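The values are calculated or read from the model by the stated rules, or taken from the named source; none is laboratory data. Just so it is clear, the structure is predicted and the values come from calculations on it, not from any experiment. Backbone-built Cβ (ideal geometry, glycine too); neighbour counts: all protein chains shown.
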Amino acid sequence: MNNEFQKIIYFRRSNRKFNPEIEVPDEIIRTSLERAILSPNSSNMQLWEFYWINSEESLKAMVPLCLGQQAALTAKQMVVFVTRKDKWRERANWNLERIKETIQGEPTNIQKKALRYYGKIMPLLYKSDLLGISTLIRRCISIYMGWRKPFYRAGGKTEQRITTHKSCALAAQTFMLSIAAEGFHTCPMEGFDEKRVKIFLGLPRGAEINMIISVGLGTEAGIWGKRYRVPYKEVVFVR
């Protein structure tokens, strides 16, 4: 068993009040964001953006947007994790270009599959229209293929949103574990005014806030008690 990782897991707690005297070095945030970018995500589409709230002015502006909670009021740094489902075409093309760069001569079977995946499958999965025709096509394909064999059940905007939020949450978890590994604390916040945060960050309509994470050196007052979890046997099932 890896004891070092175990220590990080136990050290990471949602701390809601940070030490006002201790700054969090920018290098720790930068490195943790670089690590977050390496997180697993659906089809390597990377439909996320991370907004690093660093200046004193911006941090103060975020406090009322986070409903004045202590985790925001005492934060030394913040990162807003944002989903960008609306960038699916741009990211699919980015993946296509990376694949094309690896091709020398005739594409291999794997390269051909990858080109088809990002050139045809991704548009099929993410394309949308006002009449909902794309969603109907996806559902019809899913019903037909799913009747014949196990098949990915593609749907509409709801399924797309779920996929992008899952990927973004994985990046947020990587970020929090990285911060813990560097000896600092985090608090993922869901209590915020998403509309006003989007306006503050200048985000387009298609962007969504996944979570806001405040960072600092935690205090005893920031821990609200013992960490309780539902027993292992009630949540883990072996088949």
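Worth pointing out:
- Scanning segment 158-200 for residues that are more than 13 Å from Thr83 (Cα to Cα), out of contact with any Leu (no Cβ under 8 Å at 6 or more places or on another chain) and charged (D, E, K, R) turns up Glu159, Glu182, Glu190, Lys195.
- Candidates in segment 171-193 are the residues that are assigned to a loop (DSSP other than H, G, I, E, B) and hydrophobic (A, V, I, L, M, F, W, C); of these, the one that is surrounded by the most Cβ atoms within 10 Å (Cβ to Cβ) is Phe184.
- Restricting the first member to segment 82-105 and to residues that are in contact (Cβ under 8 Å) with a residue 24 or more places away in the chain, and the second to residues that are aromatic (Phe, Trp, Tyr) and part of a helix (DSSP H, G or I), the beta-carbon pairs closer than 6 Å and six or more apart or on different chains are Trp88/Tyr126; Ala92/Tyr118; Asn95/Tyr118.
- Test result for Glu220, surrounded by fewer than 16 Cβ atoms within 10 Å (Cβ to Cβ), within 23 Å of Cys66 (Cβ to Cβ) and without any contact (Cβ under 8 Å) to a residue 12 or more places away in the chain: yes
- Against the test of being over 17 Å from the mean Cα position of the chain (by Cα), assigned by TED's automatic domain parsing to the domain that holds Ile9 and of a type outside the set (Lys, Arg), the options Ala180, Ala207 yield a single qualifying residue, Ala180.
- Residue in segment 48-61 that is out of contact with any strand residue (DSSP E or B) (no Cβ under 9 Å at 6 or more places or on another chain), among the β-branched types (Val, Ile, Thr) and without any contact (Cβ under 8 Å) to a residue 60 or more places away in the chain present: no
- Residues of segment 154-173 include none that is more than 19 Å from the chain's Cα centre (by Cα) and at pLDDT 90 or above.
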